[in-house]
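Encoded as structure tokens, the structure appears first; notes follow it.
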Protein chains: 2
Amino acid sequence: MPIPEAVSALSSLLGQRLSLSKPDLEAHGRSEAYHPPTPPDAVAYPETTEEVQALMRICAQHGCPVVGWGAGTSLEGHALATQGGVMVDFARMDRLLEVRPEDMDCTVQPGLTREGLNTELRTTGLFFPVDPGANASLGGMAMTRASGTTTVRYGTMRDNVLGLEAVLADGRVIRTGGRARKSAAGYDLTGLFVGSEGTLGLVTELTLRLHGQPEAISAAICGFPGIGAAVDTVIETIQMGLPVARIEFVDALTCAIFNRQSGGDFPETPHLLVEFHGSETGVAETAERFGAIAADHGGSDFRWSDRPEDRTRLWTMRHNAAWSIVAAHPGRRMWVTDVCVPISRLAEAVEATQADLARSDVPGPILGHVGDGNYHVVLMIDPEDPSERAEAEALAHRMVERALALGGTATGEHGVGLGKRGYMAAEHGDGWDVMGQIKQALDPHNLLNPGKLVPDRN
Amino acid sequence: MPIPEAVSALSSLLGQRLSLSKPDLEAHGRSEAYHPPTPPDAVAYPETTEEVQALMRICAQHGCPVVGWGAGTSLEGHALATQGGVMVDFARMDRLLEVRPEDMDCTVQPGLTREGLNTELRTTGLFFPVDPGANASLGGMAMTRASGTTTVRYGTMRDNVLGLEAVLADGRVIRTGGRARKSAAGYDLTGLFVGSEGTLGLVTELTLRLHGQPEAISAAICGFPGIGAAVDTVIETIQMGLPVARIEFVDALTCAIFNRQSGGDFPETPHLLVEFHGSETGVAETAERFGAIAADHGGSDFRWSDRPEDRTRLWTMRHNAAWSIVAAHPGRRMWVTDVCVPISRLAEAVEATQADLARSDVPGPILGHVGDGNYHVVLMIDPEDPSERAEAEALAHRMVERALALGGTATGEHGVGLGKRGYMAAEHGDGWDVMGQIKQALDPHNLLNPGKLVPDRN
């Protein structure tokens, strides 16, 4: 039996750091998502690249599946060991290895979380901007090509991972990219690994791009008569080149829930929340220009602030959105899904999704990183009710089909995992087979996160 | 014989658009670089994706090499058919297919040049920012992962190609990426193809990100007592988050040549040339702040302007640099090479290169996109003198070795081609073999631009 033999050999390698305890296996068999639990056969806690390499070689020798684990915050079941095997938890590889302020970059181990990194960077004048909401591990964020509220200004993980170290399926260790800000020297292996969801290698080190903490930040919130008006405001803001750092959409339902749960007094209409980073005069000018654009599109109830404490209060609705939604639906669980469309089709996509939700019994507030054309529906289902699960699945399915028909993608930032794999053929055509050929070339025995992302082998 | 058979079949497919004329073959056997001419066996001028696909299938059937050709401006011999075969010239696939102003993107055929695109975009308020100097084709720019003067603000081709269509070695046509601004749906095939130098497929269509034409532009030029002072000014400018659109370095020798050739009156010291894009008040504030940083580092002879005609004059030295250098060295030819290092090591790298040049008889002015840590040496050699060729090769070699030792890359933007292939193993280690495995998986018979970028097959 390949898996028991690998587990036994790994036990000799890692001692107590190979866990077979039932609670540990169960904790690594759950996800934030709606997928059934699938505990792995063992959980390994390596401390060095050399240990990851030795572990990989043992698993390769025995044909045992290997799945990486960061903070367990992914939303599509990416890290579930659906074919059993060894879960590699990077919790003990969580150090900030080096910060180079002059180059505005740093090197980290994959288990460090984004909040952990930013805490360590606090005194440097620098910060790491990618913010998916959860306090995810940086390795996990790289593997899912995470993004979030600041992407419109600072980019996704694709833009902020400069290089990485990875252990391949055959135990080779490669270093991709580097510390030069750009390179034309060969295939972009860094870009290939970012977003590969653990199917090409185990990432053991990341070099990340950092950004200067802005001198001034101002924030604003504004209500709109409809989704179209809000989206047109976004389009015009971006076309004018206004340097927005965040531009977020919340729908009328989210406002209503927030008012009810937290005593807010927002008009129950679609809202945009924006944040500007820059110099004092720069952010003041940008806020004024944004205000004029919003007013042209019927924006009202405009509130803005450049003081940190007011900013935080202003954004409370967004920050607490998920919590408010959960609290408003006792006994229900979140089934979150995301798509991304060309921004010119965003209003149409969101409106069609809302109309679809209006015909359903499953509540589904909509939130979006609208500067990117990316939006989420937070479906609140009774997990014990198979008909609600089926209904959520059907709603999510139609949302994806609609996004693809509008020239968009099945997932803007949550990734493929188990939830979106069924759409890969429709989205990529023969390109999906090309992904499978690359996987086959680098992992011919299908050891790394098998059953995910690429087509099944014949 | 595989090549004659393929040529004969292609002749039936393309008629007059398969050229065997000697001048045509010779024109497609030269490069801007210092490599010996190697004419292909035929030049094909397809007009549609379907023709490229049919062409590729014929070449696959006969085992005939296929090399893509854009504007012939690459600098490392990327497009030379060193193993013979068919050159695919995209001159007849040069249309702007669609512009979508609301989404700030467009779709083009690969033969369209960047200047051609920007001329067509003139009335839209949008522009395509990547500027490598030459009026390169957009397909060629994608294939070499081109960048240039505006990269510090707008990124390289990696950042500005949203998706592409490519014909693979077996004749399949794939579409990668798409029009959504971000996606987490699988391997980043777009990023894999950008910079692949024609070794993975023939690109037949590109979707490009566009940017709003800035409301205001201001430009400045400033002399410095030494390279260190100039580079420290760059580092501080970027750390402060000043939104520079271009920040270029020219060395004292380039200034001297420009003064001599064009009657300039610049102090013969290292200079920085900068450009700021933004609102009227924004660029004025940025220029003032930049001036203060430069002055702190001993910057002097500060000239700036926000009027288009003055800006152009101000930047004449940079725009005419290559021309001035060539004119100053009659009978000699350029041997240009580029490297990129972490910006903290840039002063050290440039100074060591200058010291090396001072010991040599080959003149070599230095220019750089210093915001990226990228610089070029323009070696001026007598092409008939083997000892000068050997000396240029040795100087370029030491420049690359030094860049790699400082944590940089063998090429920041010119690409691998023939000139940098010898450094791929040193730069990437086992990563270079991984590139070879990907190539083998997608082009098992090594038909696409054989002998380039990846390791030779065993």
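The values are calculated or read from the model by the stated rules, or taken from the named source; none is laboratory data. The structure presented is a predicted model; accordingly, all values stated were derived computationally and were not measured. Note: ideal-geometry Cβ built from the backbone for every residue, glycine included; neighbour counts use all protein chains shown.
Taking B:Arg175 as the residue in question, decide whether it is within 11 Å of chain A (Cβ to nearest Cβ) and surrounded by fewer than 22 Cβ atoms within 10 Å (Cβ to Cβ).
yes
Evaluate segment A:444-456: report whether one residue or more is crowded, with 21+ Cβ neighbours inside 10 Å and either in the same structural domain as A:Pro65 (by TED's automatic domain parsing) or on the phi > 0 side of the Ramachandran plot (or both).
Yes, because at least one residue in segment A:444-456 is crowded, with 21+ Cβ neighbours inside 10 Å and either in the same structural domain as A:Pro65 (by TED's automatic domain parsing) or on the phi > 0 side of the Ramachandran plot (or both).
Those residues that are touching a Lys or Arg at 6+ places or on another chain (Cβ under 8 Å), in a helix (DSSP H, G or I) and crowded, with 20+ Cβ neighbours inside 10 Å, I need them from segment A:351-393; list them, please.
A:Thr353, A:Gly371, A:Asp372
Which one of these does A:Ala294 not meet: (1) buried (at least 22 other Cβ atoms within 10 Å of the Cβ); (2) in the same structural domain as A:Gly407 (by TED's automatic domain parsing)?
(2)
Within segment A:143-172, can you find the residues that are surrounded by fewer than 24 Cβ atoms within 10 Å (Cβ to Cβ), at the interface with chain B (Cβ under 7 Å from one of its Cβ atoms) and small (Gly, Ala, Ser)?
Result: no residue meets the conditions.
Suppose we filter segment A:13-60 for residues that are part of a helix (DSSP H, G or I), farther than 30 Å from A:Arg389 by Cα, out of contact with any helix residue (DSSP H, G or I) (no Cβ under 9 Å at 6 or more places or on another chain) and not hydrophobic (A, V, I, L, M, F, W, C); how many remain?
Of the residues in segment A:13-60, 6 are part of a helix (DSSP H, G or I), farther than 30 Å from A:Arg389 by Cα, out of contact with any helix residue (DSSP H, G or I) (no Cβ under 9 Å at 6 or more places or on another chain) and not hydrophobic (A, V, I, L, M, F, W, C).
Across segment B:425-445, which residue is farthest from A:Ala184 (Cα to Cα) among those that are acidic (Asp, Glu) and either more than 7 Å from chain A (Cβ to nearest Cβ) or in a loop (DSSP other than H, G, I, E, B) (or both)?
B:Asp443
Could you go through segment B:309-329 and let me know if any residue there is within 14 Å of chain A (Cβ to nearest Cβ), of a type outside the set (Phe, Trp, Tyr) and out of contact with any Asp or Glu (no Cβ under 6 Å at 6 or more places or on another chain).
no
Every residue in segment B:262-285 that is away from chain A (no Cβ under 14 Å) and surrounded by fewer than 17 Cβ atoms within 10 Å (Cβ to Cβ), please.
B:Ser262, B:Gly263, B:Gly264, B:Asp265, B:Pro267
Please enumerate the residues belonging to segment A:148-174 that are of a type in the set (Gly, Ala, Ser) and closer than 26 Å to A:Pro444 by Cα.
If the condition is that a residue be of a type in the set (Gly, Ala, Ser) and closer than 26 Å to A:Pro444 by Cα, then A:Gly163, A:Ala166, A:Ala169, A:Gly171 are the ones that fit.
Condition first: under 24 Å from the mean Cα position of the chain (by Cα), within 16 Å of B:Val250 (Cβ to Cβ) and surrounded by fewer than 18 Cβ atoms within 10 Å (Cβ to Cβ). Can you find one or more residues in segment B:300-318 that meet it?
Scanning segment B:300-318, I find at least one residue that is under 24 Å from the mean Cα position of the chain (by Cα), within 16 Å of B:Val250 (Cβ to Cβ) and surrounded by fewer than 18 Cβ atoms within 10 Å (Cβ to Cβ), so the answer is yes.
Looking only at segment B:184-211, filter to residues that are more than 9 Å from every other protein chain (Cβ to nearest Cβ) and among the polar types (S, T, N, Q); which one of those is farthest from B:Arg307 (Cα to Cα)?
B:Thr204
Table: residues versus (1) more than 21 Å from A:Leu253 (Cβ to Cβ); (2) of a type in the set (S, T, N, Q); (3) over 20 Å from the mean Cα position of the chain (by Cα); (4) facing another protein chain (nearest Cβ under 10 Å).
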| position | (1), (2), (3), (4) |
| --- | --- |
| A:Pro363 | no, no, yes, no |
| A:Leu367 | no, no, no, no |
| A:Ala390 | yes, no, yes, no |
| A:Glu401 | yes, no, yes, no |
| A:Leu406 | yes, no, yes, yes |
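Taking segment B:330-361, which residues are of a type in the set (A, V, I, L, M), over 15 Å from B:Met399 (Cα atoms) and within 14 Å of chain A (Cβ to nearest Cβ)?
B:Ile343
Considering only segment A:67-95, state which residues are surrounded by fewer than 19 Cβ atoms within 10 Å (Cβ to Cβ) and not in a loop (DSSP other than H, G, I, E, B).
A:Ala91, A:Arg92, listed by residue number.
Out of the residues in segment A:330-347 that are part of a strand (DSSP E or B) and not acidic (Asp, Glu), which is surrounded by the most Cβ atoms within 10 Å (Cβ to Cβ)?
Per the stated criteria, the residue is A:Val339.
Restricting to segment B:134-169, name every residue that is small (Gly, Ala, Ser) and under 21 Å from A:Ala180 (Cα atoms).
B:Ala142, B:Ala146, B:Ser147, B:Gly148, B:Gly155
Which count do you get for residues in segment B:212-245 that are within 11 Å of chain A (Cβ to nearest Cβ) and under 17 Å from A:Gly212 (Cβ atoms)?
The qualifying residues number 11.
Among the residues of segment A:195-224, what is the count of those that are modelled with pLDDT of 95 or more and among the acidic types (Asp, Glu)?
Within segment A:195-224, residues that are modelled with pLDDT of 95 or more and among the acidic types (Asp, Glu) number 2.
State all residues of segment A:402-424 that are in contact with a helix residue (DSSP H, G or I) (Cβ under 7 Å, 6 or more places away or on another chain) and in a helix (DSSP H, G or I); if no residue qualifies, say none.
If the condition is that a residue be in contact with a helix residue (DSSP H, G or I) (Cβ under 7 Å, 6 or more places away or on another chain) and in a helix (DSSP H, G or I), then A:Arg402, A:Ala403, A:Leu404, A:Tyr423, A:Met424 are the ones that fit.
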